[in-house]
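Asker: What follows is a structure written as structure tokens; I'll ask about it next.
The values are calculated or read from the model by the stated rules, or taken from the named source; none is laboratory data. As the structure is a computational prediction, the values presented were derived from the model and not from experiment. Backbone-built Cβ (ideal geometry, glycine too); neighbour counts: all protein chains shown. These accessible areas exclude ligands, DNA and RNA; they are computed on the full protein's heavy atoms, side chains included. Shrake-Rupley method; radii C 1.70, N 1.55, O 1.52, S 1.80 Å.
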Amino acid sequence: MPTRPTLHAIEPDICFIDNVKKLNDSYRTTKTQSLDWRKNQLLALKRMLEDNQEALLEALKADLGKCETEAMVAEQGFLLSDIDHTLKHLDKWVKPRKVSTPMVAWPGKSFQQPESLGTVLIIGAWNYPLQLLLAPYIAALAAGNCAVLKPSELSAQTSALVAKLIPQYMDVSCVEVIEGGKEEATALLACKWDHIFYTGGEAVGKIVMSAAARYLTPVTLELGGKSPCFVDKNTNLKVTARRIVWGKWMNAGQTCVAPDYIIVEKGFEQPLIDAIRKELKKQYGKSALASPDYGNIINKRHLSRLRSYLDNVNVVYGGEFDEERPAMVPTLVLEPGLDSAIMQEEIFGPILPIVTVPSLDDGIAFVNDGAKPLALYAFSDSDEVLDRIISATSSGSVCTNDTMLFMTNPELPFGGVGNSGMGSYHGRAGFDTFSHLKTVMKRSFALDVPFRYAPFSKFKLSLLKKFL
């Protein structure tokens, strides 16, 4: 994701130590360890989303111009599905995870016991202001933690509404929403946490990690990067174009796992451009700015950033914008300079560069020369081509012959690698992120083996080896 305003590097003027202490005190009562409490809180969060669906959709519309269908699929519906999945599997997730015990430790048993971490900080992002704040919270809640939620100040309407609703539905002794900008975020990072979960850009991610190092606090960083999209000449072009358009221009391209640029073999770029143009008109009409299904850019500053990417590049489709709204139409750029800003920075908007390469291996080498992306996409009718791309590249996730759809599977952990992030969540992976898997060995007094405690001799050592 693009960077947010840099957080203060000095001690903040405001302080949230008392807020954190209140949550820590509540956690020490052990109320969050109750499975019934966790389930009731998850159901309360579900009621909050259902009871206030219309207000939440209106807030998302005000912040990002999200149409109702998109907001339901990617925000509201995503969270409701996440809660249902968690409630369905939570009884199993909290159970001890048995492992084998070596003969030398018999009689005994060994297992890992999931235990909650304590009080955690969750910093959300503006592009999916509901999902990216509450999905980590669902995982933290399921694992039995108290939490402070810090929504993005850029999505102000959604932030304010969540801050209003959470106290009405949730146990306020175990969760608090703190709104604000960089000063509040800096003050929160100055506190001691049991875990910090941050979604956003790499630059602020480094600040979060640096602040966490002060107390050796573990972190989960969900960042972003330039997610490539390979299009092989042997592909179903119509379906490929439809799925690329859906994945790239949802939320006006402001999605961390949206295709950031296309890699295509030289000579196949024009048929691909023609297919994408046709599909864009089919999905958004002659002008996307007039479509009720097309979203806004978060603010004028980000629109200005996106406009600067179009300087001195070959725009083959789109490029128009509405500064007051603010919004930019879906835009295709052919063969941008590889050292240009559009190819060096995560675009995070409705611009899609198309890069031609002589061969598949050249495309793979190009991707591997850059930072590891959060997601990678590949379209081809050939399993050999797809397997080659999967095995020869590194990324947080891979999806073949579609875009972003892997996000709908709660059994697939979601997270980055390298500069695109660390740690993962969704489903059981989220529960594990906010848990400590405590190692336990339980032994009995029966059948004690006396030679273990006697001075070693060659004979006793050879006997012991039989048990190891």
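Asker: So Leu121 fits all but one of (1) open to solvent by less than 50 Å² (accessible area, probe 1.4 Å); (2) assigned to a helix (DSSP H, G or I); (3) touching a residue at least 40 places away in the same chain (Cβ under 8 Å); what number is the exception?
Answerer: Unmet for Leu121, out of (1) open to solvent by less than 50 Å² (accessible area, probe 1.4 Å); (2) assigned to a helix (DSSP H, G or I); (3) touching a residue at least 40 places away in the same chain (Cβ under 8 Å): (2).
Asker: Go through the stretch 190-210 and give me each residue that's open to solvent by 10 Å² or more (accessible area, probe 1.4 Å) and closer than 20 Å to Trp126 by Cβ.
Answerer: The answer is Glu202, Ala203, Lys206, Ile207.
Asker: In addition: Go through (1) over 28 Å from Leu223 (Cβ atoms); (2) in contact (Cβ under 8 Å) with a residue 24 or more places away in the chain; (3) assigned to a loop (DSSP other than H, G, I, E, B); (4) not aromatic (Phe, Trp, Tyr) for Gly295 and report which single condition fails.
Answerer: Result: Gly295 passes all but (1).
For (1) open to solvent by 10 Å² or more (accessible area, probe 1.4 Å); (2) on the phi < 0 side of the Ramachandran plot; (3) touching a strand residue (DSSP E or B) at 6+ places or on another chain (Cβ under 8 Å); (4) not in a helix (DSSP H, G or I), each residue gets a yes or a no:
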site	(1), (2), (3), (4)
Ala147	no, yes, yes, yes
Leu154	yes, yes, no, yes
Pro167	yes, yes, yes, no
Val172	yes, yes, no, yes
Glu184	yes, yes, yes, no
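Asker: Could we say that Gly267 is under 19 Å from Pro350 (Cβ atoms) and either of a type outside the set (Val, Ile, Thr) or touching a strand residue (DSSP E or B) at 6+ places or on another chain (Cβ under 8 Å) (or both) here?
Answerer: Considered against the rule, which asks whether it is under 19 Å from Pro350 (Cβ atoms) and either of a type outside the set (Val, Ile, Thr) or touching a strand residue (DSSP E or B) at 6+ places or on another chain (Cβ under 8 Å) (or both), Gly267 comes out as no.
Asker: Considering only residues of the stretch 377-393 that are surrounded by fewer than 16 Cβ atoms within 10 Å (Cβ to Cβ) and under 25 Å from Phe414 (Cβ atoms), which is nearest to the chain's Cα centre (by Cα)?
Answerer: Ile390
Asker: Moving to a separate point now. Going through Leu332, Leu338, Leu374 one at a time, which residue ends up being touching a helix residue (DSSP H, G or I) at 6+ places or on another chain (Cβ under 9 Å), open to solvent by 10 Å² or more (accessible area, probe 1.4 Å) and aliphatic (A, V, I, L, M)?
Answerer: Leu338
Asker: Six or more apart or on different chains, Cβ under 8 Å: which pairs go from a residue in the stretch 256-281 that's part of a strand (DSSP E or B) to one that's open to solvent by 30 Å² or more (accessible area, probe 1.4 Å)? Could you list them?
Answerer: Tyr261/Lys226; Ile263/Phe366; Val264/Lys233; Glu265/Lys233; Glu265/Pro358; Glu265/Ser359; Glu265/Leu360
Asker: Sticking with this one: Which residue is farthest from the chain's Cα centre (by Cα), if the candidates are limited to the stretch 278-292 and must be surrounded by fewer than 19 Cβ atoms within 10 Å (Cβ to Cβ) and under 12 Å from Val329 (Cα atoms)?
Answerer: Ranking the candidates gives Lys286 first.
Asker: For Lys109, only one of the following conditions fails: (1) assigned to a loop (DSSP other than H, G, I, E, B); (2) open to solvent by 10 Å² or more (accessible area, probe 1.4 Å). What is its number?
Answerer: So Lys109 meets the others, but not (1).
Asker: Would you be able to tell me the number of residues in the stretch 1-40 that are at pLDDT 85 or above, surrounded by 13 or more Cβ atoms within 10 Å (Cβ to Cβ), of a type in the set (Val, Ile, Thr) and not in a helix (DSSP H, G or I)?
Answerer: 0
Asker: Sticking with this structure for a sec: Take the stretch 227-254 and flag every residue that is touching a helix residue (DSSP H, G or I) at 6+ places or on another chain (Cβ under 8 Å) and assigned to a loop (DSSP other than H, G, I, E, B).
Answerer: Correct list: Asp232, Asn234, Gln254.
Asker: Next up: If you go through the stretch 313-329, how many residues are in a strand (DSSP E or B), surrounded by fewer than 21 Cβ atoms within 10 Å (Cβ to Cβ) and among the aliphatic types (A, V, I, L, M)?
Answerer: Number of matching residues: 3.
Asker: Continuing with the same structure: Give the residue, chosen from Ala55, Ala135, that is within 26 Å of Glu202 (Cα to Cα) and either assigned to a helix (DSSP H, G or I) or of a type in the set (Gly, Ala, Ser) (or both).
Answerer: Step by step, each of Ala55, Ala135 is checked, and only Ala135 is within 26 Å of Glu202 (Cα to Cα) and either assigned to a helix (DSSP H, G or I) or of a type in the set (Gly, Ala, Ser) (or both).
Asker: From the list Leu64, Leu45, which one is touching a Gly at 6+ places or on another chain (Cβ under 8 Å) and crowded, with 20+ Cβ neighbours inside 10 Å?
Answerer: Leu64
Asker: Sort through Leu133, Leu87, Leu141 and tell me the only one that's surrounded by 17 or more Cβ atoms within 10 Å (Cβ to Cβ), of a type outside the set (D, E, K, R) and over 16 Å from the mean Cα position of the chain (by Cα).
Answerer: When all the criteria are applied, what remains is Leu141.
Asker: Just one of Ile354, Ile298 is in contact with an Asp or Glu (Cβ under 8 Å, 6 or more places away or on another chain), among the hydrophobic types (A, V, I, L, M, F, W, C), closer than 28 Å to Gln157 by Cα and surrounded by 20 or more Cβ atoms within 10 Å (Cβ to Cβ); which is it?
Answerer: Ile298
Asker: Answer yes if at least one residue in the stretch 394-406 is in a helix (DSSP H, G or I) and either open to solvent by 10 Å² or more (accessible area, probe 1.4 Å) or out of contact with any Pro (no Cβ under 8 Å at 6 or more places or on another chain) (or both), and no otherwise.
Answerer: Looking through the stretch 394-406, at least one residue is in a helix (DSSP H, G or I) and either open to solvent by 10 Å² or more (accessible area, probe 1.4 Å) or out of contact with any Pro (no Cβ under 8 Å at 6 or more places or on another chain) (or both).
Asker: Only one of Ala44, Ala62 is closer than 30 Å to Gln283 by Cα, of a type in the set (Gly, Ala, Ser) and modelled with pLDDT of 95 or more. Can you tell me which?
Answerer: Checking each option against the conditions leaves just Ala62.
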